[in-house]
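Since the structure comes first, as structure tokens, the remarks are kept for the end.
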Amino acid sequence: MRTEQPKTIYLKDYQAPDYWIDETQLTFELFEDHALVHSRLALRLNSDRHGAGALPALVLDGQELALLKVVLDDQELGEGEYQVDEDSLSLQPAAATFELALTTRIEPQNNTALEGLYKSGSMFCTQCEAEGFRKITYYLDRPDVMSRFTTTVIAERERYPVLLSNGNPIASGEHEGGRHWVSWEDPFPKPAYLFALVAGDLCLLQDSFTTMSGRTIDLRIYVEPENRTQCDHAMDSLKRSMRWDEEVYGREYDLDIFMIVAVNDFNMGAMENKGLNIFNSSCVLAHQDTATDMAFQRVEAVVAHEYFHNWSGNRVTCRDWFQLSLKEGFTVFRDSEFSADMNSRTVKRIEDVTFLRANQFAEDAGPMAHPVRPDSFIEISNFYTLTVYEKGAEVVRMLHTLLGEEGFRKGTDLYFERHDGQAVTCDDFIKALEDANGADFTQFKRWYSQAGTPRLSVTADYDATKREFRLHFTQVCPPTPGQPDKLPQVIPVRMALLDRDGKEMALQLNGEALGNEAVVSITEAEQTLVFENVPTSPLPSLLRGFSAPVKLSYPYSRDDRVFLAKHDPDGFNRWEAAQGLAVDVLQGLVDIHRAGRPLNLDQRLVDVMRSVITDAELDAAMVAEIIRLPSEAYLVELAEVADIDAIHFAREWLRRALAVALRDDMAARYQALAAAGAGEFSASAPAMADRSLKNSLLGYLMLTGEQQVLGWCVRQFVEASNMTDRQAALVALVNSPFEQQREAALADFAERWSAYPLVMDQWFSIQAMASQPGALERVEKLMGHPLFTLRNPNKVRALIGAFVNQNLSNFHAIDGSGYAFLADRIIDLDRSNPQIASRLVTPLSRWRKFDDERQALMRGQLSRILAEKLSPDVYEVVSKSLA
Ligand code: B3K
Ligand code: ZN
């Protein structure tokens, strides 16, 4: 924590480093109350920046370090021969190449920020991205400095039998006093953010993988002994990821060994350190008894994501942190395509789009809005955002759409070949795609530089005599902080025209036949497309598969949406039409409720839902998606000024009304699915789809308040053969008015699973999200539960994060209690873990969305936070939120 005002860093100020570090030799001596870090660096002047003449000073990054020794070319330096301040060590080299040896002392056991070298339980581990390595030793801690690392770890053998670092193990041995050592060598030059070290008492799941060129890779997942039986799914996901990257991108793994280590205390999901991925245990462990299907899918996706980074991130890395989306957007695109190939493509796309629209669109409309490639930041940790990750992935997806599968692959082949071993920029990525295809993405690149979600408004007219159908497109990109005016972007619109039977018509544009489905690029602020030879007035199916991250509007009537929901040959747009209908219905109900009039149910929505619930042919996961109403968060995002009480009331009213109207169809399908799933547990995609639909139906049916349904629910809770079904029943009970059964189930669950931290995280979350009044008191009480601790990020997310992000009606209570509670937690957490504290500011930063009274309350709490002595992390988000 610092006293001076934090500084803003700008992309336009980027300069290559003055020196390179060719070799990095590290020795760690680990003790219970401190660690000694000895580094030996082979440095070389960057002669591209400096010719003959005076040598620039060497300025190494370092924070919270005790510097014990400085040796320059075998000469120990005295105190006057170097300068140390809060962030750096500077000294004057005497030659263009030289060796620097340093010893620093750190205290991993007191590192509560979980950045740098720290302890999770009894285990030592690291997290260096983005700027954590500087908390281990003084270094050029920037991604464009790539070095070959050799690492020796020394620790007590008894407590830390397993000693790991990046690359391949090359030597090991014993020291006096029960200590032992292992040396690791990583032949691939890498930036310091990919460094990793682990020391602990771990057990191992081991397997192997034969690469496409016939090399055998040793695969290892290290976990604490009690978790040994929960690693099979992660290992299986890893092998499938390795095969997929060979098949789809031609990328083969490079080292002889690939390791994953699961730790309990981790600020995010996982980290792609070279050859030694470190994971939050929530993204590794998965067993049917303890993990839900959703957790299984998350493990699969995160294992894949981190593995794919080996090429998109490690072999080719970022020049500077403004280029973060170069590796993150691309890798999210890669992992989402992998998941689509492993499961249902349409359902995966629906999930991603739902998430993007409810969350990234809100970020893009708020005070932290920034381009996919930001221009500036105070604290880079704040820019691991939905925009950099998810919108960044959408941008890569659009490039894929524009180039087609083959063209995109030619582009990525060239990218990997041209830049292997380099630290590069988003422009380099685009250039490779352009060069491989003879394409010009000059205008497209505005997606990287302009923030905000473009609005694409479409209208149409049909000329029966000319047989012409005209689509008029208007795109507007709203102003965002620092960017008042925007230029038109390239918006690829995948589309078809449907006749009255729902059949796709042949598309003809400017005399060219385009087949039944086409991708048209909208590039102007206003643009009209004239489709020729259109025999009857069509209904357009636009933005299929959500081909661009924009807010599309088209004047569909509710009847049009019903028609599309039933007949669009494109699965994604069938869902989209049903969603659009539900949004329209809900927005109507919100208005009626606000006007104080009684709500009424639009039978067209009942009709659409009934048709899918009773359709045994349709993928059950699709049915589950179609009957899921838009979230409160999404309805807030869509509103100009969100009336959260009315939104909550209308949505709950509609859910109950649908449950009553569809009671018999829902019950029949629920029973059928329960009977079909009663046998042996299966983690296959169809079995997961069935459970997803069954449990969504149970949630609806419980809203009828029938004793009979309560009986089904309690029975499912008691007899479930897996955590997905058990947890779904618990959620339904917790959100029901059946107080006795609810409390009994919660108590039973806690007793049974108290030894399983990840299961208990779910128990905390379910209660934090329960929407009955009084949730805050329950959350406050749960903070005193013996298994809760603010020191564990998963616990903070499970209880506090779930309450403030997912329980909107309680968090936004008009007495301001939710806001004050959150502000207290942020102030408190900022002292121990700034990254986690900073993430929690998001719901308060969205104050502009709400009524005047809530705005004042939220701003009041932000100001209260700002008056504290803050980390740069929290300072940046809070000050920008108030600006
Ligand atoms: N690259 C890491 C994220 C690091 C975040 C540091 N604050 C995980 C990932 O995206 O794969
Ligand atoms: Zn990533």
**Study point:** All positions within segment 270-306 that are under 25 Å from PHE749 (Cα atoms) and either of a type in the set (Phe, Trp, Tyr) or not in a helix (DSSP H, G or I) (or both)
**Key:** ASN280, VAL284, LEU285, ALA286, HIS287, GLN288, ASP289, THR290, ALA291, THR292, PHE296
Point to revise | Filter result (in a helix (DSSP H, G or I), in contact (Cβ under 8 Å) with a residue 12 or more places away in the chain and closer than 19 Å to ALA365 by Cβ) within segment 812-856 | key: ARG839, THR842, PRO843, LEU844, SER845, TRP847, ARG848, LYS849, ARG854
Practice item. Test VAL263 against the criterion of being of a type in the set (Val, Ile, Thr), closer than 18 Å to GLY132 by Cα and within 15 Å of ligand 1 (Cβ to nearest atom), and give yes or no. Key: yes
**Study point:** Yes/no for LEU276 being more than 15 Å from THR331 (Cβ to Cβ), surrounded by 23 or more Cβ atoms within 10 Å (Cβ to Cβ) and of a type in the set (A, V, I, L, M)
**Key:** yes
Practice item. Taking the residues in segment 371-388 that are part of a loop (DSSP other than H, G, I, E, B) and open to solvent by 20 Å² or more (accessible area, probe 1.4 Å) as candidates, determine which candidate is farthest from ligand 1 (Cβ to nearest atom). Key: ASP375
Exercise for review: Identify, by number, the condition in (1) over 24 Å from GLU379 (Cβ atoms); (2) within 15 Å of ligand 1 (Cβ to nearest atom); (3) open to solvent by 10 Å² or more (accessible area, probe 1.4 Å) that GLU252 doesn't meet.
Suggested key: (2)
**Study point:** Wholly within segment 76-125, strands (runs of 3 or more DSSP E) carrying at least 2 residues that are among the acidic types (Asp, Glu), within 16 Å of ligand 1 (Cβ to nearest atom) and touching a residue at least 24 places away in the same chain (Cβ under 8 Å)
**Key:** none
Revision key, fill the gap. Only one of (1) surrounded by fewer than 22 Cβ atoms within 10 Å (Cβ to Cβ); (2) within 13 Å of ligand 1 (Cβ to nearest atom) does not apply to CYS318, and that is (1)
Point to revise | Residues (closer than 18 Å to GLU306 by Cα, open to solvent by less than 20 Å² (accessible area, probe 1.4 Å) and either of a type outside the set (Gly, Ala, Ser) or in a strand (DSSP E or B) (or both)) located in segment 187-204 | key: LYS190, PRO191, TYR193, LEU194, PHE195, LEU197, VAL198
Review point. Within segment 323-351, can you find the residues that are within 18 Å of the chain's Cα centre (by Cα), away from ligand 2 (no atom under 15 Å from the Cβ) and of a type outside the set (Val, Ile, Thr)?
Key: ALA340, LYS348, ARG349, GLU351
Point to revise | Scan of segment 259-269 for residues that are surrounded by fewer than 24 Cβ atoms within 10 Å (Cβ to Cβ) and part of a strand (DSSP E or B), ordered by number | key: MET259
Revision key, fill the gap. Note: among ARG839, ARG831, ARG864, just one is farther than 30 Å from GLN109 by Cα and of a type outside the set (A, V, I, L, M, F, W, C), namely ARG864
Review point. Would a scan of segment 392-409 turn up a residue that is assigned to a strand (DSSP E or B) and within 14 Å of ligand 1 (Cβ to nearest atom)?
Key: no
**Study point:** So ASP254, is it modelled with pLDDT of 95 or more and away from ligand 2 (no atom under 16 Å from the Cβ)
**Key:** yes
Revision key, fill the gap. In segment 739-777, anything crowded, with 16+ Cβ neighbours inside 10 Å and among the charged types (D, E, K, R) is listed as ARG742, ASP761
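Only one residue in GLN127, GLN63 is open to solvent by less than 70 Å² (accessible area, probe 1.4 Å), polar (S, T, N, Q) and within 16 Å of ligand 2 (Cβ to nearest atom), so which one is that?
Just one listed residue meets the conditions, GLN127.
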Exercise for review: Residue by residue through segment 551-575, note down the ones that are free of Cβ contacts under 8 Å to residues at least 60 places away in the same chain and either in contact with a Lys or Arg (Cβ under 6 Å, 6 or more places away or on another chain) or under 23 Å from ARG455 (Cα atoms) (or both).
Suggested key: TYR556, SER557, ARG558, ASP560, ARG561, VAL562, ASN573, ARG574
**Study point:** Unique residue being part of a helix (DSSP H, G or I), without any contact (Cβ under 8 Å) to a residue 60 or more places away in the chain and surrounded by 19 or more Cβ atoms within 10 Å (Cβ to Cβ) when the list is ALA689, ALA732
**Key:** ALA732
Exercise for review: For residues that are surrounded by fewer than 22 Cβ atoms within 10 Å (Cβ to Cβ) and either on the phi > 0 side of the Ramachandran plot or among the hydrophobic types (A, V, I, L, M, F, W, C) (or both), tally how many sit in segment 551-583.
Suggested key: 4
**Study point:** Residue check for TYR415: crowded, with 17+ Cβ neighbours inside 10 Å and within 16 Å of ligand 1 (Cβ to nearest atom)
**Key:** no
Study note, to complete from the structure: Here the residues within segment 321-364 that are within 16 Å of ligand 1 (Cβ to nearest atom), of a type in the set (Asp, Glu) and open to solvent by less than 10 Å² (accessible area, probe 1.4 Å) are GLU328
Study note, to complete from the structure: Looking across segment 639-670 at residues that are of a type in the set (Gly, Ala, Ser) and surrounded by fewer than 17 Cβ atoms within 10 Å (Cβ to Cβ), the single one that is nearest to ALA358 (Cα to Cα) is ALA639
Practice item. Determine whether ASP245 is farther than 22 Å from MET398 by Cβ and either surrounded by fewer than 22 Cβ atoms within 10 Å (Cβ to Cβ) or within 16 Å of ligand 1 (Cβ to nearest atom) (or both). Key: no
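Residues checked against (1) of a type in the set (Lys, Arg); (2) touching a helix residue (DSSP H, G or I) at 6+ places or on another chain (Cβ under 6 Å); (3) closer than 17 Å to PHE377 by Cα:
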residue: ILE836; (1), (2), (3): no, yes, no
residue: ARG839; (1), (2), (3): yes, no, yes
residue: ARG846; (1), (2), (3): yes, no, no
residue: SER871; (1), (2), (3): no, yes, yes
residue: TYR875; (1), (2), (3): no, no, yes
residue: LEU882; (1), (2), (3): no, yes, yes
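Would you check if there is a residue in segment 501-514 being of a type outside the set (A, V, I, L, M, F, W, C), farther than 28 Å from VAL608 by Cα and within 36 Å of the chain's Cα centre (by Cα)?
Taking every residue of segment 501-514 in turn, none turns out to be of a type outside the set (A, V, I, L, M, F, W, C), farther than 28 Å from VAL608 by Cα and within 36 Å of the chain's Cα centre (by Cα).
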Practice item. Would you check if there is a residue in segment 801-815 being buried (at least 19 other Cβ atoms within 10 Å of the Cβ) and in contact with a His (Cβ under 8 Å, 6 or more places away or on another chain)? Key: yes
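The values are calculated or read from the model by the stated rules, or taken from the named source; none is laboratory data. Only a predicted model underlies this, so the values are computations on that prediction, with no experimental measurement involved. Backbone-built Cβ (ideal geometry, glycine too); neighbour counts: all protein chains shown. Areas reflect the complete protein model, heavy atoms only, side chains present, ligands, DNA and RNA absent. Shrake-Rupley method; radii C 1.70, N 1.55, O 1.52, S 1.80 Å.
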